[in-house]
Every structure is written in C-alpha cells, then in structure tokens.
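Written out below as structure tokens is the structure these notes cover.
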Ligand code: G4P
C-alpha cells in the first residue's frame, strides 16, 4: 500500500469550464476512453429529448457506468484523476461556482470558431480570483475556425491573462494537417497513415528532422513563420506563473476527432498541481499530509426523486485519510458524526475503494446536518476552514406562500434552504417582501420543488428578471437613493444592497452619487 504522501502525489483534482457546446462532454468522454473506463467513443449527445439533466448523467446512462453525475474518478498515466462537474445549460447554479473552490486546477475549453464566450468568462473570473492554474484547450480544430493568433490574442485581452502556446495548429478544418508541438519538439500528424507516423521529430532549426510530404504543403512554411514569431515575441514558459494562474498553457485539438487530447492530458497532468493546503479561519494552513482527516462541504445535492428524499453532501478531502465508519466532528456545531453512510466516486466499477485521501471527493448521505461550507475533522485539534465566498446573484424573484396559513412552514423552509446554500435571500427595504436571488434558473426550480416536497408549502414565485446587485456600506445609505430602477433590499446580514435594473441604471447612480462605493461579491 502506498503511503499517504505517495497517494496524495498521484491525485489530480480539476474541473472543466466552458461555454455550453464548446465540447466539455466530448473531451470528458475522450479522457474516460484514455483512462480505459469506456471502450468506444461516440457522441453522448444528439438524441431527442431534453437535456435538463447533467451531461454526465447522460454519460452514465448511455455507458452504464456507475458514477454519480457530479464527480468522475479514474486512473490514467499513473495518476488518479478526479474531474468535478461544473454544469452549464439549465443546470447552471451557485453550485457550479462553488465546485471551483474544491479543485486544484482548471481546464478551460474554448470553441475555436467562437472564441471566448460569456459563460467561460464568468467562470474564469472565479478561477482567477483563486489564483489557481488554468490550462486552455482550443477545441474543434477539425472545423474552420478563427486564426490561432487571433484566438490567443483574444484570450489574453478579454481574460487579462498571459498565454503560452504549447502547440500550434497546422491548418484547420478541411486542411488540418497536424499540430506543431513547441513543448515536445515534434509534430503530431492529423490522421496519420500508420501509428509510427503519428509523431514526427523536429530538428534544431525547428523544421522536420527527416524530409516529409508535409513540407510540400504550403501551410508548413506558414506554420514555421508563426512559430518563429511565437518564439521571438511570445511569452516565456514560466512554471511559477502557471502555478499562480498568471500564465495559461494553451493547447489546440479536436475532441470529436480524438486529436491532440492524449498529448494534452499527459502534459496537463505533468503540470497540474497535486492537492494543495487549505487556509483555516485562523489563517493557518492545513497541509494535505496532516495526519488527521479533514474536509469541507462544497455542494449539497438534493434528490429530486420524491421516493428518495435523501441528500448528498459533497466533501473535498483536504488532509489525512478517510476511512469508512470513522468519527468526525462538525466544526460549526461541535457535533460528532459517524461517517458510515458514504459514497465514493469511481468511474470504473471494478474497483471499490474503501478509503479516500486529499484531492478525493466523498459523498455523505445527509439528513439535514450539513451546510455548504461546513468543515468536518477527525482528531482532537479543531479545524475550521475559511468560509466559502458568496456570489453575486443575477436573477431575482419575489416569493410568498400560496396559502397564508402555511406561513410557519414557509419561513422554516426558506430559512433552511437558504442556510444550506440552495438560494440567496433578500428582503425589500420598505415592505419586507422576500426576494430570492440566484445565478441560474435551476436554483429557483430546486427551491420550489423542495419547498413543496420537504416543507409541504406551495410557493408563488414572481420573476423580477435579471438585476445587477451592488452592496454599499450602511453609513453611506440614504433610503431616498432608491427608485424603481434601483431597488433597495437587505441581505441576510442586514446589509443594504441595490438591485439595479441594468448597467445604465448603475452608471446613472454612480454619476449621481460619486462618493458611494458600489461593491459586488465574487
Ligand atoms: P458541452 O458539453 O461543452 O456542451 O459540448 P459537447 O461536448 O456536448 O459538444 C457540443 C457539440 O460540439 C456536439 O455536437 C459535439 O459533437 C460537438 N463537438 C465537440 N467537440 C468537437 C470537435 O472537436 N469538433 C467538432 N467538429 N465538433 C465537436 P452536437 O451537434 O451538439 O451533437 P450532436 O447533436 O451532433 O450529437
């Protein structure tokens, strides 16, 4: 049995962020293929029906592999990989953001015909805030896309990060010939005639070491010139800058064609960090090698099936070793909990692990003990990790109980669900009306469903649309500042927040009250 330290060093825990349709599912599937978890590639999507479920649930159903939709664990290249799902589409919610708090690095998938899209940008901002390494994969190279140089430029200017191309496309779409790999100093040929022709070595001059028909292609000269330019004018490879999230290694490829994925994954795993230490509320750090087990809850998933009312609390293991049946303390309450009803996430059903180490995710069946952000720890010394950040909601709805006689259970349900992190709650400054805030529509649906099923209360939700929420310090508040275009509300801590109708309303306000500082959460 490998030591704890050895086990930790093999772990790579990450999320893939992208705008819907950029190819996240296809890349995930290719990785599972490389890990030997699935045996054939095939489009997971493309059948009729709705896609309200997570993409991974589709993988699960289609492939018959035993995973929950939120975490995939598999082995590849001597590493044990944990991929955490960050749902987009209709499933987008605060959970998507919080999941990014539980990973050590991130892969950003970008459609090379579309460039940086809004959802990618939002998710990227959160990753950037955490200073964690981010690796970029420009996908769909088999299609006519934009010029590689444009894409890299856009990446740098829109996201405010430096880029280091690890490889460079030799053409794209119909004329895609391969990848010029600056990092490995070879060329990866697109659709080689045989396996031995897949990689061609490069000489010291940057040209192919052996003569090859590829050189007759006009694209080859073009590629050599572009590569020359990159070497002269581009950023330097800087491992420390990668580790701090200041420089993103950039790769090109096609997930659908399975082209460039293996090289990407191998290189990524070389540089992606093993599980990291985590800060506590006392600002000390808990190293993964700390002998006592500790972890934090970053997501609580309620079962939407009324026959199974259980919830699963997702724990990222931070230190020590989890063993089935162990006793831990819940830092918030001091309560002891026995971890016997636990699930683990292994994409390959043949293996049934009984232990989990830092970097791994375990799922605790929860009957209402846990909240998002909770720390659990074993051992005598109390460990409490820093709070998870709050995110600025963008969608708002007024909410009240359909039946006025149900006020009590309504308040109890709202209180519980808000505490659990399902949704955010505000009250109108004057009327005291309840206003719910979320980052994705799904959160309202989950809220409504759970109020009905768990608290037996039908709720009425009145959409208020999207708003820009900005906090101000109470000392600067004059209730006269509120208007129909900037609604004044209180957050749960009683702090004043303005909900602006749109960007113009916010600007108008900023012009009128230049001294008032408007602040966003993450
Ligand atoms: P997502 O999870 O990020 O939302 O994206 P997903 O992998 O589902 O991919 C979205 C679409 O893009 C799919 O097509 C998929 O086949 C396609 N795709 C992914 N990677 C590549 C690539 O490298 N090249 C090309 N040409 N296409 C790619 P779709 O039309 O939505 O699927 P289907 O309805 O045809 O099955």
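The values are calculated or read from the model by the stated rules, or taken from the named source; none is laboratory data. Quick caveat, the model's predicted, so the values are computed rather than measured. Every residue, glycine as well, gets a Cβ built from its backbone with ideal geometry; the counts of neighbours run over all protein chains shown.
In table form, for the structure just shown:
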quantity: Leading residue by the ranking (nearest to residue 393 (Cα to Cα)) among those in segment 92-122 that are within 12 Å of the ligand (Cβ to nearest atom) and in a helix (DSSP H, G or I); calculated: 119
quantity: Flag for residue 425 being touching a helix residue (DSSP H, G or I) at 6+ places or on another chain (Cβ under 6 Å), part of a strand (DSSP E or B) and under 25 Å from residue 313 (Cβ atoms); calculated: yes
quantity: Search result, residues across segment 137-147 that are farther than 13 Å from residue 116 by Cα and either more than 16 Å from the ligand (Cβ to nearest atom) or modelled with pLDDT of 95 or more (or both); calculated: 140, 141, 142, 143, 147
quantity: Matching residues, segment 444-487, being under 16 Å from residue 400 (Cα atoms) and crowded, with 17+ Cβ neighbours inside 10 Å; calculated: 444, 446, 447, 448, 450, 451, 455, 457, 459
quantity: Filter result for the condition that a residue is within 19 Å of residue 255 (Cα to Cα), modelled with pLDDT of 95 or more and more than 25 Å from the chain's Cα centre (by Cα), over 170, 134; calculated: 170
quantity: Residue 218 farther than 20 Å from residue 155 by Cα, surrounded by fewer than 18 Cβ atoms within 10 Å (Cβ to Cβ), in the same structural domain as residue 103 (by TED's automatic domain parsing) and touching a helix residue (DSSP H, G or I) at 6+ places or on another chain (Cβ under 6 Å); calculated: no
quantity: Residue 173 being without any contact (Cβ under 8 Å) to a residue 40 or more places away in the chain, over 30 Å from residue 522 (Cα atoms) and not assigned by TED's automatic domain parsing to the domain that holds residue 447; calculated: yes
quantity: Positions within segment 153-166 being part of a helix (DSSP H, G or I) and either within 16 Å of the ligand (Cβ to nearest atom) or surrounded by fewer than 22 Cβ atoms within 10 Å (Cβ to Cβ) (or both), in sequence order; calculated: 153, 154, 156, 157, 158, 159
quantity: Search result, residues across segment 373-400 that are farther than 16 Å from residue 335 by Cα and either out of contact with any strand residue (DSSP E or B) (no Cβ under 6 Å at 6 or more places or on another chain) or in a loop (DSSP other than H, G, I, E, B) (or both); calculated: 386, 387, 388, 389, 390, 391, 392, 393, 394
quantity: Residue that is farthest from residue 98 (Cα to Cα) [pool: residues in segment 1-25 that are more than 16 Å from the ligand (Cβ to nearest atom) and in a strand (DSSP E or B)]; calculated: 11
quantity: Criterion violated by residue 171 - all others in (1) more than 22 Å from residue 258 (Cα to Cα); (2) surrounded by 14 or more Cβ atoms within 10 Å (Cβ to Cβ) satisfied; calculated: (1)
